[in-house]
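Here's the structure we're looking at; comments come further down.
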Amino acid sequence: MTKRNVLLALVILTLMFIISEWIGFTNIKEETIHHSKTISGLVINKEVDEKSNYYIYLNILDERNEGMKEIKIIVLSENLWNLIELDRTYFVVYQWSNNETPRLEQIEINDEFKEIFIKDK
């Protein structure tokens, strides 16, 4: 290889490195942060929207205000949504990122919480 070809190869490799770093940097800036929370709550409502998205509404204890708070969680499976009962308490794990509606990850009946919930009401 001549000096010209070696220099050209180095310039091309340098440009490829700079471009790949720049693309990687912009992807990191746009990366979303995922949050997860585990709670117990009382299912007070269930609904389906026009896009066939399934939602449950839970009353949970609000630790900040020492009262009750309502949250809306999307359920990705219609079958699971059908098994969830109104006026029943559940142990729930949900995730969300940025401004998205939280999505249900795990749910389990938690009848012990209902006794606590009724006392606090």
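Each reported figure results from applying straightforward, stated rules to the coordinates on display, with no laboratory input. What you see is a predicted model; the values in this text were computed from it and never measured. With ideal geometry, Cβ positions are generated from the backbone for all residues, glycine too; neighbour counts draw on all protein chains shown.
Listed values for the stretch 75-82 are Karplus-derived 3J(HN,Hα) couplings in whole Hz (6.51 cos²θ - 1.76 cosθ + 1.60, θ = phi - 60°), namely 10, 6, 10, 4, 4, 5, 4, 5, and x replaces Gly and Pro.
The GluC sites (Glu not before Pro) found in the stretch 66-114 that occupy coil by DSSP, while having at most 13 further C-beta atoms within 10 Å, are GLU66, GLU85, GLU100.
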